[in-house]
Amino acid sequence: MMTTASPRVHGLTVWRSTSFAMLVFAGWLECYSPAVAQTALPPPASQGRVLVPCGPELDLRVGVRAEYLLWWTHSMHVPTLVTTSVANTDRDDAGVRGLATTDVLFGGGGLNGDARSGGRFAVDGWFDPQQSLGFELGYAFVEQEGATYAAASQGSPILARPFFNADTGLEDAGLIAFPNVAEGRIEIDAATRFGTAEAMLVKTLLAGCGRRVAFQLGYRRAELEDDLALHEVMVSRQTPTDGTTLSLLDRFDASNTFNGAQLGLVTEQRMGRWSLELLTKVALGTVHSDVGIQGSTTTTTTTGASSTAEGGFLALPTNIGHYERDTFSSLAELGLKLTYAFGCHWRASLGYSFLYWHHVARAGDQIDRSLSAGEFPPGQDDAGLHPRFPFAATGFWAQGMNFGLEYRF
């Protein structure tokens, strides 16, 4: 049996829907169109000042903010740099990557991606009492992170530096320490630095009922630097070169500087002493990437005579040099912050930030594992076409928690 609702039920439903829509519309008028709302609605109760419990008599236009950052950054990838092999491994197989007898001691993953401390400092203010036009200046950084590695051997355990032999098309390795052949050591240092600054004008788009939506327009700058240095010392234990020392140095440095115009949108909701803020920013501009590669080999005989030639192990005449490039890039930021006003002038905040920087050069990505010379160390006069300089680019991100304190006056 089919039943139909009575006209009275339909009328009640329509009346409820219409009443709800009128209430929503009236609330919108009250928040964002005060002049219209005053003609259609009773005057709203006073909402007080933005900063509770200051009261309407104080005009707090300028704020100074300091934040402690606990951030993680995108690690710098490096290829496998040091290997070892089990005892009694054949000399031709010692340290060769991919064999069951070979273990990786360092490399083959990311460096400098752990959490580290940093700081962010900002000054913001309004040019008018209505807080319709303002400014913000800020600078953020994370402390330099470094990774170090050192290993030494008198022949056992085996130490080696793996590479891809471009002459044979096979994996190979240069020996640092091997029984009755060589003894030596290797030291690796890697460092990463990151910082960003911005200057913006702020224009309020909507304000009322504890809500504010503001548009930002300004300038952003960011810097990212990587340093990677490898120093090897190997002493030959074979005749007729017994006692001859080779000191090999490879250095890869990369720096990136971004400059661009930035657009942002800030949405804030205040609830008494509490406020919740959502921030989105996008900067478009250019990144200047600067890469430097250096390498040298110093040979010292048992008589004390020494000579130095250009080229180390991974840095050879075919890729040594100074390289620069300007490329279009972008930097985006997303932030969420919860703030509590615990006094007339003071605020404490807890937040999360995520930044992504498109197209940067990292030092570890500039290493070409392909070497054309098969002997150890690679021949300085017969480097052929390898290694090459790839000028590789990748993305970089930084994210983490922010703990802040703000004073307004």
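Each value in this text was obtained by applying a stated rule to the coordinates, not by laboratory testing. Because the structure is a prediction, the values reported are computed rather than measured. No Cβ is skipped: glycine too gets one built from the backbone with ideal geometry, and neighbour counts run over all protein chains shown.
For residue 162, neighbours were defined as the other residues whose beta-carbon sits under 10 Å from its Cβ, and their charges (Lys and Arg +1, Asp and Glu -1) total +1.
Amide H contacts of residue 145: 192, each under 5 Å away and 5 or more positions distant or on a separate chain (H built 1.01 Å from N in the peptide plane; Pro and chain starts excluded).
Working from label points 7 Å from Cα in the Cα-to-Cβ sense, the residue 217 to residue 86 distance is 6.9 nm.
Taking label points 7 Å from Cα along the Cα-to-Cβ direction, residue 280 and residue 114 give a separation of 3.6 nm.
A straight chain from residue 239 to residue 397 at 0.36 nm per residue would run longer than the Cα-Cα distance by 51.7 nm.
When peptides 330-338, 354-362, 270-278 are ranked by their average number of other Cβ atoms within 10 Å per residue, the highest-first order is 354-362, 330-338, 270-278.
Whole-Hz Karplus values for region 276-290 come out as 10, 10, 10, 10, 10, 9, 9, 10, 10, x, 10, 10, 9, 9, 10 Hz, taken residue by residue from phi with 6.51 cos²θ - 1.76 cosθ + 1.60 and θ = phi - 60°; glycine and proline positions read x.
The Cβ shell under 10 Å around residue 335 holds other residues with a net charge of 0, Lys and Arg each +1, Asp and Glu each -1.
Within region 244-271, which residues have the backbone N less than 19 Å from the label spot 7 Å out from residue 305 along Cα→beta-carbon, could you tell me? Under 19 Å, as judged by backbone N against the label point of residue 305, lie 244-247 of region 244-271.
Annotation: amide H of residue 205 within the under-5 Å range of 213, 214, 215, sequence separation 5 or more or interchain, hydrogens built in the peptide plane.
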